[in-house]
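This report concerns only the one structure given below.
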Amino acid sequence: MIKESLAQPGTTIQVGADMWRIRVPTPFPGLPSLNVYAVCETDGSVTLVDCGIDCPEGLETLAEGLAVLGKTVSHIDRIIITHGHIDHWGMLPRLLQHTDFTLCMSEHYTTEAWSYTAPEEHSALIRSILCEHGTPPSILEQMFVAPSLMPSYFPDGVPAPDVIIQDGDKVPIGSRVYEAVWTPGHAHSHLVFFHEASAELISGDNILPTITPHIGYDGRIGNPLGDYLLSLERIKKLTAGVTFPAHGGTISDGTQRSVDIRTHHEDRLTKMQSQLQNAPKSAWEVMKVSFQRELMPFQQRLALSETVAHLEALCKNGNVHRVENDTILYMASLP
Ligand SMILES: [Zn+2]
């Protein structure tokens with residue numbers, strides 16, 4: 001069975017009274033499609049939640065999906081972006097060449113947008129973090145070769161939002177009014193949209209059905225995993241039911257999925273801490289034990305970044321401390 005997270009682009013299905021899911025392509029081998037949610041408004045216009053990356057077939061696939069609703073790209077009147085990763089917003093500049101729309105983004109959208117608008121500075125920052133956490137020099141350069149890092153997918157700039165969405169804002173989408181909930185962690189700018197009466201949630205990447213979203217560390221946000229665990233706690237408190245993620249199939253119980261993902265991270269935190277009981281280790285050494293399967297260099301980069309996010313969360317809780325060295329080492333703290 002093909003995992004739903006690996007769902008191929010091109011299919012469009014109705015998922016609500018006035019909402020359709022359009023699968024648009026991404027150039028990432030492990031994640032070939034992104035779910036755009038298209039909602040028909042009572043005035044005949046269309047609101048999109050996310051719009052996809054600007055890859056060659058992207059706009060064509062989006063237009064074919066809109067045709068299933070009897071709409072065209074020119075009906076798009078508003079686009080709401082869940083977070084600042086390029087597979088969610090990269091098509092905006094191209095869409096603006098075809099039609100005018102109101103763009104709604106989180107007040108924190110520049111946090112991630114910076115990595116696409118200043119890719120060299122971003123790469124230098126990531127390189128220094130990978131080095132100081134023990135990456136062997138022989139692997140370092142290979143870690144920067146991946147389709148998701150190809151500048152050809154990076155637009156020249158991020159369009160400025162017309163509407164800034166803040167935590168708690170009421171956002172009408174179709175016939176419903178959703179509450180915007182700030183859920184940092186996977187991305188600092190991340191928003192989900194909750195409809196209280198139906199308990200339905202549009203979750204972006206905050207919770208995904210068959211994979212856990214990447215929680216990385218780039219030094220700019222002190223404790224992204226801690227932020228993410230609090231975001232999962234918020235989803236649990238909402239008691240989210242049917243949940244529409246940005247990748248893969250619909251989740252029947254969003255609250256349960258948020259609990260399962262939290263358990264996965266807590267388990268990983270415990271295991272990483274136990275690796276540090278007897279001797280200090282670098283994040284690279286911890287990663288090699290925690291992620292045992294064979295990883296390609298770019299996957300090793302993601303795994304190391306995620307390991308640092310976990311170790312920093314353990315530091316913030318006081319369970320582990322850093323031993324400053326040329327290579328940063330971590331050691332379990334005495335109980
Ligand atoms: Zn993302």
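Suppose we keep only residues that are closer than 20 Å to L229 by Cβ and touching a Leu at 6+ places or on another chain (Cβ under 6 Å) within the stretch 273-286. Which one would you say is surrounded by the most Cβ atoms within 10 Å (Cβ to Cβ)?
Only one residue tops the list, namely A283.
Return the only residue of V242, V289, V308 being among the β-branched types (V, I, T) and surrounded by fewer than 16 Cβ atoms within 10 Å (Cβ to Cβ).
The unique qualifying residue is V289.
Examine the stretch 258-272 for a residue that is surrounded by fewer than 19 Cβ atoms within 10 Å (Cβ to Cβ) and either closer than 21 Å to E132 by Cβ or in contact with a strand residue (DSSP E or B) (Cβ under 9 Å, 6 or more places away or on another chain) (or both), and state whether such a residue exists.
So far as the stretch 258-272 goes, no, none of its residues is surrounded by fewer than 19 Cβ atoms within 10 Å (Cβ to Cβ) and either closer than 21 Å to E132 by Cβ or in contact with a strand residue (DSSP E or B) (Cβ under 9 Å, 6 or more places away or on another chain) (or both).
Residues E200, E179, E233: which one is modelled with pLDDT of 95 or more and over 20 Å from L48 (Cβ atoms)?
Testing whether each residue is modelled with pLDDT of 95 or more and over 20 Å from L48 (Cβ atoms) leaves just E233.
Taking the condition away from the ligand (no atom under 16 Å from the Cβ), among the small types (G, A, S) and either part of a helix (DSSP H, G or I) or modelled with pLDDT of 95 or more (or both), does G52 pass?
For G52, the condition - away from the ligand (no atom under 16 Å from the Cβ), among the small types (G, A, S) and either part of a helix (DSSP H, G or I) or modelled with pLDDT of 95 or more (or both) - is not met.
Output the number of the condition that W114 fails; it satisfies all remaining conditions of (1) in contact (Cβ under 8 Å) with a residue 24 or more places away in the chain; (2) within 25 Å of S305 (Cβ to Cβ); (3) within 16 Å of the ligand (Cβ to nearest atom).
(1)
Looking only at residues in the stretch 170-225 that are among the acidic types (D, E) and assigned to a loop (DSSP other than H, G, I, E, B), which one is farthest from the ligand (Cβ to nearest atom)?
Selected residue: E196.
Out of P297, P280, P245, I need the residue that is touching a residue at least 24 places away in the same chain (Cβ under 8 Å) and either within 18 Å of H83 (Cα to Cα) or in contact with a Pro (Cβ under 9 Å, 6 or more places away or on another chain) (or both). Which one?
Criteria check complete, one pass: P245.
Pick out the one residue from I139, I129 that is modelled with pLDDT of 90 or more, crowded, with 17+ Cβ neighbours inside 10 Å and either in contact with a strand residue (DSSP E or B) (Cβ under 6 Å, 6 or more places away or on another chain) or outside any strand (DSSP E or B) (or both).
Among I139, I129, only I129 is modelled with pLDDT of 90 or more, crowded, with 17+ Cβ neighbours inside 10 Å and either in contact with a strand residue (DSSP E or B) (Cβ under 6 Å, 6 or more places away or on another chain) or outside any strand (DSSP E or B) (or both).
Can you work out which of the residues in the stretch 12-26 that are touching a Cys at 6+ places or on another chain (Cβ under 9 Å) and crowded, with 19+ Cβ neighbours inside 10 Å is modelled with the lowest pLDDT?
This residue is T26.
Give me a count of the residues in the stretch 226-239 that are within 16 Å of the ligand (Cβ to nearest atom) and surrounded by fewer than 19 Cβ atoms within 10 Å (Cβ to Cβ).
0
Filter the stretch 255-273 down to residues that are within 18 Å of E306 (Cα to Cα) and touching a Pro at 6+ places or on another chain (Cβ under 9 Å), then give me how many there are.
Summing the residues that are within 18 Å of E306 (Cα to Cα) and touching a Pro at 6+ places or on another chain (Cβ under 9 Å) in the stretch 255-273 gives 1.
So for the stretch 74-92 (the condition being away from the ligand (no atom under 14 Å from the Cβ) and within 18 Å of N206 (Cβ to Cβ)), does at least one residue qualify?
The answer is yes; a qualifying residue exists.
Could you check, for the stretch 46-63, whether at least one of its residues is in contact with a helix residue (DSSP H, G or I) (Cβ under 6 Å, 6 or more places away or on another chain), crowded, with 23+ Cβ neighbours inside 10 Å and not hydrophobic (A, V, I, L, M, F, W, C)?
Among the residues of the stretch 46-63, at least one is in contact with a helix residue (DSSP H, G or I) (Cβ under 6 Å, 6 or more places away or on another chain), crowded, with 23+ Cβ neighbours inside 10 Å and not hydrophobic (A, V, I, L, M, F, W, C), which makes the answer yes.
Any residue in the stretch 105-120 that is over 30 Å from D167 (Cα atoms) and part of a helix (DSSP H, G or I)?
yes
For the condition within 26 Å of A197 (Cβ to Cβ) and in a helix (DSSP H, G or I), what is the one hit in S258, S274?
S258
What's the number of the condition E107 fails, among (1) more than 16 Å from the ligand (Cβ to nearest atom); (2) under 24 Å from L304 (Cβ atoms); (3) touching a residue at least 24 places away in the same chain (Cβ under 8 Å); (4) of a type in the set (D, E)?
(2)
Please give the number of the condition F154 fails out of (1) within 16 Å of the ligand (Cβ to nearest atom); (2) surrounded by 18 or more Cβ atoms within 10 Å (Cβ to Cβ); (3) in contact (Cβ under 8 Å) with a residue 60 or more places away in the chain.
Here F154 clears every test but (2).
The values are calculated or read from the model by the stated rules, or taken from the named source; none is laboratory data. What you are looking at is a predicted structure, and each value in this text was computed from that prediction instead of being measured. Cβ atoms come from the backbone with ideal geometry, glycine included; neighbour counts cover every protein chain shown.
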